[in-house]
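Contents: one structure, followed by commentary.
The values are calculated or read from the model by the stated rules, or taken from the named source; none is laboratory data. As the structure is a computational prediction, the values presented were derived from the model and not from experiment. Note: ideal-geometry Cβ built from the backbone for every residue, glycine included; neighbour counts use all protein chains shown. These area figures cover heavy atoms from the full protein model, side chains too; ligands, DNA and RNA do not enter into them. Shrake-Rupley method; radii C 1.70, N 1.55, O 1.52, S 1.80 Å.
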Amino acid sequence: KTQSEKPFFLYFALTAPHTPIAPTDEFKGKSEAGLYGDFVHEVDWSVGQIIKTLKQSGQFENTLIIFTSDNGSPQRDGTNMGGQIASVKKYGHDPSRPWKGMKADIWEGGHRVPFIASWPGKIEANTVNNQLVCLTDVISSVASILKIPRKKDAMEDSRDISLTLFQNNTPIREDLIHHSIDGTFAIR
């Protein structure tokens with residue numbers, strides 16, 4: 001097989017913009033939201049480098065890219081590589097807006113995160129789908145796309161959202177359970 005015909009999987013788990021908030025010198029001062037904003041800017045650049053490389057290698061058109069996060073922002077400004085909770089708001093930046101809450105609490109701002117998917121020719125560009133999904137759904141969806149049979153005792157909390165990615169608006173989930181750091185549960 002040629003290089004462009006070989007399937008590959010890349011799991012690129014950035015620690016940014018989690019604490020320690022430590023943008024490199026190249027990105028300091030690039031945003032209007034302090035060190036936290038600069039760190040987010042660096043994340044965007046890093047993902048852009050992956051996309052640039054995929055395009056240069058001819059792999060972009062046949063690659064599913066999922067960009068997401070594991071939880072909401074603690075909204076720290078980056079002071080001493082952290083900062084007080086919600087301190088980034090002094091820059092007029094509210095990473096959870098318009099939802100109430102932040103990382104670790106029960107409110108939607110602590111759980112609702114970006115979920116951006118790109119796959120040219122498969123996922124229509126610039127579309128929005130408001131279906132309720134969970135990060136546990138990624139494994140079942142990738143297995144479905146790759147036509148890997150699902151075992152009865154595996155991926156029991158995962159739903160196949162692949163059709164949702166392709167703009168089928170049939171609901172996949174009716175509800176989702178959230179859990180906060182203090183032990184509070186909520187159902188959405």
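If you take the residues in segment 15-38 that are among the acidic types (D, E) and assigned to a helix (DSSP H, G or I), which one is least open to solvent (accessible area, probe 1.4 Å)?
D38
Go through the residues of segment 45-54 one by one and say whether even a single one is part of a helix (DSSP H, G or I), among the basic types (K, R) and either closer than 22 Å to K89 by Cβ or out of contact with any strand residue (DSSP E or B) (no Cβ under 7 Å at 6 or more places or on another chain) (or both).
The answer is yes; a qualifying residue exists.
How many residues are among the charged types (D, E, K, R), modelled with pLDDT under 90 and touching a helix residue (DSSP H, G or I) at 6+ places or on another chain (Cβ under 7 Å) when one looks only at segment 150-176?
Looking only at that region, the number is 1.
Looking at segment 65-81 only, could you name the residues that are of a type in the set (A, V, I, L, M) and buried (at least 17 other Cβ atoms within 10 Å of the Cβ)? Spell out how you get there, then give the answer.
Let us first name the residues in segment 65-81 that are of a type in the set (A, V, I, L, M), namely 65-66, 81.
Correct list: I65 only.
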